[in-house]
Structures are given as C-alpha cells and as structure tokens.
1. Does A:Ile291 fit the bill of being in a loop (DSSP other than H, G, I, E, B) and either hydrophobic (A, V, I, L, M, F, W, C) or buried (at least 17 other Cβ atoms within 10 Å of the Cβ) (or both)?
2. Restricting to the stretch B:84-107, what's the tally of residues that are under 16 Å from the mean Cα position of the chain (by Cα) and in a strand (DSSP E or B)?
3. Checking A:Ser19 against (1) under 22 Å from A:Leu119 (Cα atoms); (2) crowded, with 18+ Cβ neighbours inside 10 Å; (3) in contact with a strand residue (DSSP E or B) (Cβ under 6 Å, 6 or more places away or on another chain), which single condition isn't satisfied?
4. State whether one or more residues within the stretch A:160-176 are open to solvent by 40 Å² or more (accessible area, probe 1.4 Å) and of a type in the set (A, V, I, L, M, F, W, C).
5. For the stretch A:144-226, give me every one of the helices (runs of 4 or more DSSP H) that falls completely inside it and has 2 or more residues that are among the acidic types (Asp, Glu).
6. Only one of (1) open to solvent by 10 Å² or more (accessible area, probe 1.4 Å); (2) closer than 21 Å to A:Arg179 by Cα; (3) among the aliphatic types (A, V, I, L, M) is not met by A:Ala256, so which one is it?
7. For the list (1) open to solvent by less than 20 Å² (accessible area, probe 1.4 Å); (2) hydroxyl-bearing (Ser, Thr, Tyr); (3) away from chain B (no Cβ under 14 Å), I need the number of the one condition that A:Ser224 fails.
Amino acid sequence: MLCLGLEGTAHTLGVGIVSSEGKILSHVARVYRPEKGGIHPREAARSHASQIKAAIGEALEGAGVTLRDLDLFAFSAGPGLGPCLRVVATAARALSVLTGKPLVGVNHCIAHVEIGRLLTGAEDPVTLYVSGGNTQVIAFEEGRYRVFGETLDIPVGNCLDVFARETGISPAGGAGVERLAREGKRYLPLPYVVKGMDLSFSGPLTEALRKYREGEDLRDLCFSLQETVFAALVEVTERAVAHTEKREVLLTGGVASNLRLREMLGKMCEARGASLFVPPPEFCADNGAMIGWTGLLAYRHGVKQRVEEAVIRQRWRTDEVDIPWRR
Amino acid sequence: MLLKRGAEAELHLEDFRILHPFGEGKVVVKHRIPKPYRVKELDLSLRETRTSLEAKLLFDSKRVGVPTPPVYEVDRKNMKVVMEYVEGRPLKEVLEGLEEGKRKEIYRKIGRYLARLHKGGMVHGDLTTSNLLLTEKGELYLVDFGLGEYTSSLEARGVDLHLLRRALQSVHFGLAEEAYREICSAYLKEFGKGGKEILERAEEIAKRGRYVGREERGTLLRDGK
C-alpha cells in the first residue's frame with residue numbers, strides 16, 4: 001500500500017510517499033523563508049499554494065509512481081497555522097476526489113513521534129519534541145500519547161530564533177546561536193524556569209536580550225541561553241523518564257539538530273541507563289513522509305474519514321488523538 | 001538503603017545514628033546529586049538553592065498547619081537534607097483502592113492544606129499524588145518541596161492548582177474531575193477572600209497556549225464557574 005503525505009503546519013511544505021512496509025520512496029520539502037521577521041501565516045500559505053503542484057509532481061517522479069498507483073492520501077490536519085493547514089487539506093481532498101482513493105487527517109506532533117519510531121527503531125520512548133512551533137515531552141500511556149510537560153509560553157525554537165533575530169546573528173535562528181555558543185566561555189545566570197513538568201522560555205529570552213543591550217559578550221550570551229534552556233528541557237525529560245520508567249528517549253523537531261542538546265540528553269540517558277534515539281535531520285524537521293506514514297498506520301487500523309469530514313484542527317492536542325495502532 | 005531514585009535527587013533510608021550516637025529509628029536523607037549534563041555553575045546553583053529552599057519550606061509549612069516531615073539537618077556542602085521518615089504510602093498507589101467517603105475526606109484535606117500553604121506565602125511547585133503520603137493512621141503528609149517557592153502571586157498559586165489537576169488527570173482519569181471539584185471547594189472555604197480569583201486563574205492557565213479552540217474556551221469557562 002502506498003500513501004502520499006502532505007505536511008503544511010507552518011513554514012515547511014512537505015510531500016512524502018511511503019509504503020505500508022515503512023519504506024520512504026521519496027520526500028520533497030519546500031521551506032518558506034520570510035525576508036525579515038517571523039512567519040506570516042497568510043504569506044506562508046500563499047507560498048505553499050504556489051508550490052504544492054510542483055512538489056507533488058516531484059515526489060511522484062522521485063518515487064517512480066503515478067497518482068493512480070497511490071492507495072491513500074494523508075495531510076497534516078493540525079495543530080498549526082490555519083491558512084497553511086487549509087492549503088494541504090484542500091490539496092488532499094482534491095486528490096482524493098480525483099482518484100477516488102481515501103484520505104485521512106493526521107496530527108502533526110504524533111507524526112513526529114511515529115516517523116522517529118520507524119526510522120530509529122525506538123519502541124516505546126519518552127519523546128522530547130522541540131521546534132519553532134512546539135515544545136512537548138510526550139509518552140505513550142494508557143492508550144494515548146500523553147503530554148507530560150510542555151511550554152507555558154513560547155516554544156524553545158522560537159526563543160532561540162527571536163534571540164538570533166534581535167541580536168542580528170547570521171545565519172538567523174538556532175543554528176547561528178549554536179555556532180556562537182561554542183565560543184562562549186562565561187556562564188551568565190539567566191532565569192531557569194521549571195514548574196512541575198512544564199517549562200517557560202520567555203523569562204530567559206527577555207533577560208538574555210536585556211544583558212545583550214547592556215553590552216555583555218554575545219558569544220557568552222548564546223552559550224548561557226543554550227545551557228539554561230536546554231538544562232530545563234533535559235530536566236523535564238528526565239522527570240518523565242523517571243515517572244514512566246521507560247528506557248528510551250527520542251529527540252525530534254527542528255531543534256534536535258543542535259549538537260549540544262544531543263550531548264546533554266545523551267549524558268542524562270547514560271546516567272539513567274536509557275538509550276537516546278535521534279532520526280536523521282530531514283525527518284526531525286517537518287516533512288511529508290511522517291504524515292504519510294502516520295496516515296498509513298491510522299488507516300490500516302480502521303481510521304476512516306469522508307472527504308467532507310476531512311477538516312483542519314488548528315489546536316488539535318496530542319492527547320486527544322485515538323491511537324488504535326498501539327493497542 | 002536507596003528508597004527512591006528521583007529525577008533530581010536520591011532518597012536514602014538511614015539509621016538515626018548517622019546524626020546522633022544515641023539516635024533511634026530511621027531518617028530519610030535526600031541527596032541532590034550533580035547532573036553531568038549541566039554546566040557546573042548552573043548545576044551548583046540549582047542544587048544549592050533547591051536544597052536550602054526545600055528545608056525552609058518544609059519547616060514553614062508545618063508552622064502554618066500543613067503536615068510535612070520534620071527536618072533534622074541541612075547539609076549545604078553535600079546538598080543533603082535529613083528529615084524524619086514518614087511511614088506512609090504515596091497517594092498515587094492507594095487512592096483508587098479507597099472507598100468514596102475516605103477519598104472525599106482526602107480531597108478536602110488536600111484542598112485545606114494547599115490553601116494554608118498558599119495563605120502562608122508558599123507554593124509547592126510540583127504537587128502530584130506521588131508527593132502526598134498517606135499514613136496508616138490516615139494522616140496526609142506533603143513531601144518533596146524541591147520546586148517550591150516563597151510567593152503570594154496569583155499566577156504561582158494558580159499554577160500549583162493547575163499542576164495538581166493535570167497530575168490527577170494523567171494518573172487517575174476516572175477520579176480526576178470529582179477530585180478536583182472537592183479539592184477546590186475545600187480550598188475556597190479555607191482560603192476565604194481571594195480564593196475564587198485563584199481558582200479562576202487556574203482555569204485560565206489550563207487554556208493558555210494549549211491549542212484549545214476559542215469555541216471550546218467558551219464552554220470551559222462556563223463549566224468552570
């Protein structure tokens with residue numbers, strides 16, 4: 001069985017073709033990059049709409065199949081930016097009507113966990129999902145993916161991106177902060193906020209920016225910001241591991257590419273006797289293959305949607321999703 | 001003997017004699033071990049702050065009428081707190097086996113104790129059913145103040161209630177709503193003026209940045225009142 005998955009929750013438009021054996025035949029990603037500032041939902045949606053036809057064509061060509069060979073269409077139904085979600089939902093409905101093949105809406109956060117399990121071989125991990133739009137610690141308990149901890153304000157990727165943007169670090173974003181952090185020597189104390197299992201990143205961000213304006217060394221600030229927010233992430237992940245008594249940790253999302261975060265999580269896992277799993281970078285970032293694979297899991301376990309039911313859910317929570325394939 | 005290996009500390013059960021040559025009985029030693037993943041400065045400052053703060057909170061909670069294990073020693077060099085061993089079981093393990101009347105009594109106690117703590121200018125910071133111990137005699141103890149704070153802010157108090165509700169929902173699905181309702185009503189009664197505002201803040205926190213739709217937000221607000 002072949003499924004074409006469409007991802008479009010934020011700035012990445014992804015198209016992936018996956019088989020029910022878990023083979024990724026092709027995947028294509030088009031990333032909308034604003035000239036300045038953050039993502040404007042409508043502009044991102046416009047960019048996705050203008051590229052989606054070409055991206056689907058490229059994915060089909062890459063997999064060496066035609067539309068007629070596909071058995072299922074999956075799309076990211078949420079959570080995410082409304083205008084972007086609408087673009088991929090519309091495309092999925094059109095493809096389903098055109099080919100007469102079924103379609104299924106997929107939860108974006110759960111797709112990250114499922115593609116991670118598929119590609120790394122982790123069976124039942126505590127997942128730390130960190131990106132520009134999400135920060136969650138997720139684990140499977142009592143038939144659902146439950147959120148053990150999450151940010152109370154901004155996602156950690158957003159915290160790093162905003163810091164990079166406000167201080168003019170180039171290349172913008174977390175990668176720039178990571179590069180400069182390697183040259184940082186001095187640890188400058190920043191607010192460290194862990195509330196139970198939940199996190200907050202607006203405090204350390206504001207304080208780091210204030211210190212920057214006071215003339216503190218940018219390299220030291222990048223170093224300190226990373227050390228502070230990552231330590232909080234690792235602490236909450238460790239709490240979830242201790243609480244659930246699981247032996248595996250999966251790191252995914254755009255921020256998973258940060259080597260310092262990996263190192264810290266690795267040390268925590270080692271001390272606890274757990275194993276750390278990280279999917280290849282292109283499948284940590286938003287991608288269509290994860291949507292296709294999760295769509296296949298759902299469909300093959302009886303999740304069915306009619307075209308008129310295939311709507312988007314901008315605020316679809318991880319723990320609201322029924323997971324028949326792990327029963 | 002290692003009692004528990006938590007995420008940030010190890011709990012050891014020791015003879016009282018480690019403190020006093022004529023000591024009898026058992027004590028619990030809570031040892032905050034260094035975390036190899038953190039930079040030294042942050043690791044030291046977190047462990048130091050949490051160790052001394054926890055000891056102070058345990059002491060002050062007792063003063064405002066919240067049962068906590070008495071603290072015997074604070075060792076800020078080795079990051080250890082020595083306290084009395086409370087022979088009880090975590091509420092998490094026993095709650096579901098109790099009869100309804102007993103459960104309700106416990107919910108009311110939780111609400112009352114939490115209100116006293118808050119009125120005393122403190123928050124627990126990590127209130128779950130694992131951090132509530134029930135003794136044979138039916139006494140309820142609050143333990144693990146590692147994330148507690150001295151604060152009277154509406155936000156911190158709201159977060160405390162919110163975390164408790166989340167913990168109930170994630171471990172005791174069937175009982176969560178009933179439990180939280182009872183806890184809130186006892187909390188309100190004990191806290192008195194200003195309590196309602198805190199419960200409302202807890203509701204608001206539950207909806208913040210959490211992908212709850214605007215339509216659902218409306219219903220939640222109505223149900224909350």
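1. When the stated conditions are applied, A:Ile291 does not pass them.
2. 3
3. Here A:Ser19 meets the rest and fails (2).
4. yes
5. In the stretch A:144-226, the matching helices (runs of 4 or more DSSP H) lie at A:156-166.
6. So the condition that A:Ala256 fails would be (1).
7. (3)
One line per residue, one yes/no per condition, for (1) at pLDDT below 95; (2) assigned to a loop (DSSP other than H, G, I, E, B); (3) within 30 Å of B:Ser45 (Cα to Cα); (4) more than 12 Å from chain B (Cβ to nearest Cβ):
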site: A:Phe230; (1), (2), (3), (4): no, no, yes, no
site: A:Thr237; (1), (2), (3), (4): no, no, yes, no
site: A:Arg260; (1), (2), (3), (4): no, no, yes, no
site: A:Met264; (1), (2), (3), (4): no, no, yes, no
site: A:Lys267; (1), (2), (3), (4): no, no, yes, no
site: A:Pro279; (1), (2), (3), (4): no, yes, no, yes
site: A:Val303; (1), (2), (3), (4): yes, yes, no, yes
site: A:Arg315; (1), (2), (3), (4): yes, yes, no, no
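The values are calculated or read from the model by the stated rules, or taken from the named source; none is laboratory data. Small disclaimer: the values here were computed from a predicted structure and weren't measured. Glycine also receives a Cβ, built like all others from the backbone with ideal geometry; neighbour counts cover every protein chain displayed. Just the protein is used for accessible areas: all its heavy atoms, side chains included, with ligands, DNA and RNA removed. Shrake-Rupley method; radii C 1.70, N 1.55, O 1.52, S 1.80 Å.
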